[in-house]
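A short worksheet on the structure shown next.
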Amino acid sequence: MSEKNLHTARIVSSIAATAISLACGTNYVYSAWGPQFAERLHLSSTEQNLIGTFGNLGMYLMGIPVGILVDRQGPRPAIIIGGLLLGAGYFPLHQAYDKGFASVPLLCMFSFFTGFGGCAAFAAAIKTSAINWPHHRGTATAFPLAAFGLSAFFFSMFAQFVFPGNTGHFLLVLSCGTFGLTFVSFFFLRVLPHAHYAPLSSSESSNRLHRTKSEESKYRARQALLEPGRSISGAPETEEGDPPSYQGIRSEAHEGVLSETSSLMSSPASSSPGDVIEEPVIKDHAHRVDIRGWKMLPLLEFWQLFCLMGILTGIGLMTINNIGNDVRALWRHYDDSVDDDFIMKRQAMHVSILSVCSFSGRLLSGVGSDFLVRVLHASRLWCLTIACLVFLVAQILAINIQNPHFLGFVSGFTGIAYGFLFGCFPSLVAEAFGIYGLSTNWGVITLSPVICGNIFNLLYGHIYDIHSIINQKGSRECTEGLECYRGAYLVTVIACVVALALNIWSIHYTHALREEEDRLREEEERD
């Protein structure tokens, strides 16, 4: 396949990855149907939050096994598994709503399936984008990340136009829509090679026995480019079945030197047959290292990222999963004449605000992090500083806003901060531990929201239930307005300050660590 055709195929694959991601972020639309679901099945706020939490558990707890699957088998099996689980999770929830009863453990299991399915398909989409565009990782992964954030808005608006006010039909749309998007996109998602390969002659092949230490490191770096799921054309195997050696590899790192400022959509550079290309010196830290799974645990850099991810995701998830309850509490206190249909529309509006702002934050963060690294030569961690500050503003607003007309500021700032967080984090993980184990490492990192997300969500549910009463219909409701949930946001204000301090320290630590690594590598090359 020619370079031009490969470039086109990569763009098509990126579009498919974006469509898949659009189906994977539906956990964040839970606030649009969760309160109505709980009311119909007579669930408490804590039970409602428990069901939502199991969706988050599926998304984040299954990250490691999904990551291992994607890294070893390529993205395609994970997409099929993800699509099936999404459909199998939402359809029983639709049936439970129509019947008006179901056991909470079963509901938690089906919610877990939706998160698990989204995790599997999304990991495949991100890994494909990161490998297909190695020198534009921030930008390339920003599109599926942004689509993931836009998912709630997409499905919420679609259901509002097609089935306005009908929660049961909305759940049916989620079941069919998520499966349909992943199934169709499956046929277009491919991991495509970035290098030209030419077999070594037998005399050149014999030189492999005499590589120096420096040459050995370069050879391992080249070999690491071969990923599961990548189709290598014109690469014959030896009679013994061993993989062949290659010369003239135009490595991803070498391309990065030539096209550091090129556009993601620019025409690919071509090379003529017989061109002599120097052995590349891999300068990108993400291509020099390959640290996976348990090997990350002794590293301080891992625990910095793990804690930042956990704290900031937990803060965001508390609002994302409970903005519907915020809306209901403020409106019931502000104007007790409003009906359920009015409140449901306001809940859908806030979910849409969260989703659109998350989309914007993810896109800006992904592209902005590339700008920070390439133009300003600064750390991508500065994007997390922005996320911390915006989260802090959102929490301060949440503990002060009593008029529901202004609650959109809480939704908007939370969405932007959450988007900034996830827009740059995959690139941070790849940069710290290597691109080749990204899916596995991303799965390990996303274990942290399981801890903090549960703590903040269950804390919110407990505080909300303390202020709630049983109404004449047998459902729980809180009419105290801001006091229904203010205590939960006081805790997240403190969490924001802790995360901001940790992030500033991480920037200085990482900068010193990279400088020391560069110094040691230069000394090794001189030797």
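The values are calculated or read from the model by the stated rules, or taken from the named source; none is laboratory data. Since we're looking at a predicted model, the values are computed, not measured. Cβ sites come from the backbone with ideal geometry, for glycine too, and all protein chains shown count toward neighbours. Accessible surface areas use protein heavy atoms only, side chains included; no ligands, DNA or RNA. Shrake-Rupley method; radii C 1.70, N 1.55, O 1.52, S 1.80 Å.
Based on the mean of other beta carbon atoms within 10 Å per residue, what is the order of 168-176, 102-110, 498-506, most packed first? Present the calculation step by step, with values, prior to reporting the outcome.
Working: 168-176: 20.8, 102-110: 15.7, 498-506: 17.6.
Result, highest mean Cβ count within 10 Å first: 168-176, 498-506, 102-110.
With the full set of protein chains in place, find how many percent of the accessible area of segment 321-372 is carbon and sulfur; take the probe as 1.4 Å. Intermediate results must be reported in sequence, preceding the final value.
Working: 1180 of 1880 Å².
Its accessible area is 63 percent carbon and sulfur atoms.
Using a 1.4 angstrom probe, figure out how much accessible area segment 1-116 has per residue, in square angstrom, rounded to the nearest whole. Walk me through the numbers before you get to the answer.
Working: 4100 Å² over 116 residues.
With all protein chains present, segment 1-116 gives 35 Å² per residue.
Please report, to two decimal places, log10 I(q)/I(0) for segment 403-467 at q = 0.24 Å⁻¹ as given by the Debye formula with identical point scatterers on the Cα atoms and no solvent.
For the requested q values the scattering log ratios are -1.06.
Expected output is a single nm value to one decimal: the length gained when fully extending between Asn5 and Ala512, i.e. 0.36 nm times separation in residues minus the C-alpha distance. What is it?
Numbers: separation 507, 0.36 × 507 = 182.52 nm, distance 4.21 nm.
Between Asn5 and Ala512, full extension yields 178.3 nm more.
Round to the nearest 10 and report in Å² the accessible area of Thr141, as given by a 1.4 Å probe over the protein chains' heavy atoms.
0
Which log10 I(q)/I(0) values, to two decimals, does segment 1-134 give at q = 0.15, 0.20 Å⁻¹ under the Debye formula with one point per Cα?
-0.71, -1.05
With an 8 Å cut-off on Cα pairs and a minimum separation of 6 or more residues, tell me the relative contact order of segment 309-429 in percent. Write out the running numbers ahead of the final one.
On the way: 147 pairs, mean separation 48.0, N = 121.
Relative contact order of segment 309-429: 40 percent.
May I ask you to order 331-340, 77-86 by the average number of other C-beta atoms within 10 Å around their residues, highest value first? Before the final figure, lay out the partial values.
Working: 331-340: 12.7, 77-86: 22.9.
Put in order of decreasing packing, that is 77-86, 331-340.
Suppose we keep just the alpha-carbon trace of segment 146-197; what are its Rg and Dmax in angstrom?
Reported Rg and Dmax, both Å: 16.0, 57.
What is the spin-label model distance, in nm, from His405 to Leu447 if the labels are put 7 Å beyond Cα along the C-beta direction?
Label-label distance for His405 and Leu447, simple model: 4.9 nm.
Using a 1.4 Å probe, what is the accessible area per residue for segment 326-371, in Å²? All intermediate terms of the calculation are to be shown ahead of the outcome.
On the way: 1840 Å² over 46 residues.
On a per-residue basis, segment 326-371 sits at 40 Å².
Which FRET efficiency value, to the nearest 0.05, is calculated for Leu106 and Ile470 with the Förster distance at 22 angstrom and r the Cβ-Cβ distance?
Working: r = 24 Å, r/R0 = 1.09.
Once the sixth-power term is evaluated, E becomes 0.40.
Taking the Cα centroid of segment 372-418 and of segment 328-352, what is the distance between the two, rounded to the nearest whole Å?
Centre-to-centre distance over Cα atoms comes out at 24 Å.
How large is the accessible surface per residue of segment 375-527, computed with a 1.4 Å probe and reported in Å² as a whole number?
Details: 6480 Å² over 153 residues.
Accessible surface, normalised per residue, equals 42 Å².
Largest first, how would Lys127, Lys4 line up by accessible area (1.4 Å probe)? Walk me through the intermediate numbers first.
On the way: Lys127 10, Lys4 150 Å².
The residues order as Lys4, Lys127, largest area first.
What length, rounded to one decimal in nm, is gained on full extension from Phe188 through to Ile15, with 0.36 nm per residue of separation minus their alpha-carbon distance?
Numbers: separation 173, 0.36 × 173 = 62.28 nm, distance 0.85 nm.
Length gained, Phe188 through Ile15: 61.4 nm.
Roll a 1.4 angstrom probe over the protein heavy atoms and tell me the percent of accessible area of segment 1-157 that is carbon or sulfur.
Values: 3360 of 4670 Å².
Percent of accessible area from carbon and sulfur atoms in segment 1-157: 72.
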